[in-house]
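**Student:** Sharing a structure below in structure tokens format, with a few things to ask.
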Amino acid sequence: MQAQARSISVRQDEGVGLMRLMWLVFVGMMLVLAQTVSAHARGESLAPLAEKISPAVVNITTSTLIEGQTGPQGIVPEGSPFEDFFREFQDRNGDEGDRPRRSNALGSGFVISEDGYIVTNNHVIAEADEILVEFFPGDGQPKKELPAKVIGTDEKTDIALLKVEAPSPLQYVQFGDSDIARVGDWVIAMGNPLGQGFSVSAGIVSARNRALSGSYDDYIQTDAAINRGNSGGPLFNMDGEVIGVNTAILSPNGGSIGIGFSMASNVVVKVVDQLREFGETRRGWLGVRIQDVTEDMAEAMGLDKPGGALISDVPDGPAKDAGLLAGDVILSFDGVEVEDTRGLVRQVGETTVGKSVRVVVHRDGGTQTVLVTLGRREDAERAEDGDEETSEAPTEENADILGLTISPLTDTLRTDLGLEEDAEGLVVTEVDEASEAFSKGLRAGDLITEAGQQKVTSIEDLEARMEEAREAGRKSLLLLVRRGGDPRFVALSLGG
């Protein structure tokens, strides 16, 4: 027994030793690998890449004529005791404050074709009378400036396309696929920061698919230094391809703090192609007002999960002609699943005007496919009239339901609210500020036109819809609410 125990002990010691040896080998290999990577990182320079692509990066100078102001405006407050003094001073100096003066601005851009097409930001050249493009001189080459004309602009993506006439073919860069850029990938920003001339900065992709304020936003966030004057310049990947146009920074002091935003190249390419061909954008238009589907809305409509885009209104346009209805939830557009309203707006806008697409919607507990021929958004926007604001409605007949005090719509209320003569529904006259309805944005003056995706014209209709929802096992009731003519759906809990 003792011999057997010693034998087991020896085998255990050998196993422990082998494990230690394997661990030491592994640690040694990792150290060697780390040293190799570190050495490679220290030895690799971005200079060859910068030298290759820099000739296509340009500085842009704009000049704008600004009309002069009368009097000492902007110098002293109106009515100040010094106002007469400054007016006399200006009179003695020939009223220079009244004379037009020129204002200059700086930005960046990049050449995308040998015949002189240049991409920059719209805000760089907006309202400019003159645009000069300065090319990177290179080794021993003199500075070269050329006047540029505007081919087209797009305010929604802040992109502008310029054209210069050069005596010889220009060096240019190509767009890359921004969709394959990963968080952590190295990038290079080039441009003319703060008017200091051509500069290069490096960083990584910090985030993807950032939205700032526009419907078509798809920004790449980067920590590569971007400052004023970098606007319109390119963001390169390590293959020398443009994957973004440097557009904005987030900063409390106006300088780079490592949060910059570049409009993704896959958005820019479509805009540039249209500006180049038509001189303007031509975006697809579906013709619906939509909102995101929340969890309580999904439950109220019998959807398995929140998602898609809920149609809140269908004005005259392609969707109405095709038979789409308010209350439909768009689940798929042109074969692509719709995750939310932002994704749908972008996809519709990027679809060719006049194309017939299949739209799959959730309706009446099932799905239906509707074929829609898209219109053009720019034409629809030009035809839109301004919305009229509504005032709060006076109370006549009231009922307290779901935290709301509501009244049937009368001729008097139609007039007070500025509604059409054929408008129908229930008017919200008061909202309990402690209620769910108030937290979800309902206010006095709102008009409830549907409940449970059925029209309501009386308090009895609303109570009937509530009872039907409870009998169906629903925890929420879906209301269609209009304010100033704009509709939106709101789901309110039915409670016990």
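**Student:** Quick one: which residues, 5+ away or cross-chain, put their amide H under 5 Å from the amide H of Gly152? H built at 1.01 Å from N.
**Tutor:** Leu161
**Student:** Work out from phi, with θ = phi - 60° and the Karplus expression 6.51 cos²θ - 1.76 cosθ + 1.60, the ³J(HN,Hα) of each residue of segment 329-338, listed in order in whole Hz, and give x for Gly and Pro.
**Tutor:** Residue by residue, segment 329-338 yields 10, 6, 9, 8, 10, 6, x, 10, 5, 9 Hz.
**Student:** What length, rounded to one decimal in nm, is gained on full extension from Glu433 through to Leu250, with 0.36 nm per residue of separation minus their alpha-carbon distance?
**Tutor:** Taking 0.36 nm per residue and subtracting the Cα distance, the gain is 62.4 nm.
**Student:** So how do Tyr219, Tyr172 line up by other beta-carbon neighbours within 10 Å, fewest first?
**Tutor:** Least crowded to most crowded, the residues run Tyr172, Tyr219.
**Student:** Also: Let's test the formula: R0 of 22 Å, r as the Cβ-Cβ distance of Ile180 and Ser215. What FRET efficiency results, to the nearest 0.05?
**Tutor:** The formula returns an efficiency of 0.40 here.
**Student:** What list of ³J(HN,Hα) couplings, whole Hz, do you get for segment 262-277 from phi and the Karplus terms 6.51, -1.76, 1.60, once you set θ to phi - 60° and write x for glycine and proline?
**Tutor:** 10, 5, 4, 4, 5, 7, 4, 4, 5, 5, 4, 4, 6, 4, 5, 7
**Student:** Compute the Rg to Rh ratio over segment 284-383 from the alpha carbon atoms, using the Kirkwood formula for Rh, and round to two decimal places.
**Tutor:** Taking Rh as the inverse mean 1/r over Cα pairs, Rg/Rh reads 0.95.
**Student:** Related question: Positive end of the dipole of segment 413-492, charges at C-beta (+1 Lys, Arg; -1 Asp, Glu), about the Cα centre: which of Leu413, Ala434, Ser458 has its Cα farthest in that direction?
**Tutor:** Towards the positive end, the residue furthest out is Ala434.
**Student:** Between Ile401 and residues 5 or more places away or on another chain, which pairs have amide H atoms under 5 Å apart, with H built 1.01 Å from N, and which residues are they?
**Tutor:** Those lying under 5 Å, H to H, from Ile401 are Ile406.
**Student:** Please give the charge dipole size of segment 284-383, origin at the Cα centre, charges +1 on K and R Cβ atoms and -1 on D and E Cβ atoms. Round to the nearest 20 debye.
**Tutor:** 400
**Student:** Calculate the FRET efficiency for Glu468 and Ser168 from the Cβ-Cβ distance with a Förster distance of 51 Å, rounded to the nearest 0.05.
**Tutor:** For R0 = 51 Å, the calculated efficiency reads 0.10.
**Student:** May I ask for the distance between the Cα centers of segment 206-225 and segment 144-171, given as a whole number of Å?
**Tutor:** Their Cα centres are 24 Å away from one another.
**Student:** Which whole-Hz couplings ³J(HN,Hα) result when phi for each residue of segment 464-476 is put into the Karplus expression 6.51 cos²θ - 1.76 cosθ + 1.60, θ = phi - 60°, listed in order with x for Gly and Pro?
**Tutor:** Coupling constants for segment 464-476: 5, 5, 4, 5, 4, 5, 5, 5, 7, x, 6, 9, 9 Hz.
**Student:** Specify which residue in the list Val293, Gln347, Leu303 is farthest towards the positive end of the charge dipole of segment 284-383, using unit charges on the beta carbon of Lys, Arg (+1) and Asp, Glu (-1), about the Cα centre.
**Tutor:** Gln347
**Student:** Moving to a separate point now. For a quick check: with amide H placed at 1.01 Å from N, whose amide H comes under 5 Å from Asp340's, ignoring anything fewer than 5 positions away on the same chain?
**Tutor:** Counting only residues 5 or more places away or on other chains, the set is Gly308.
Each reported figure results from applying straightforward, stated rules to the coordinates on display, with no laboratory input. What you see is a predicted model; the values in this text were computed from it and never measured. All Cβ positions, glycine included, derive from the backbone under ideal geometry; neighbour counts span all protein chains shown.
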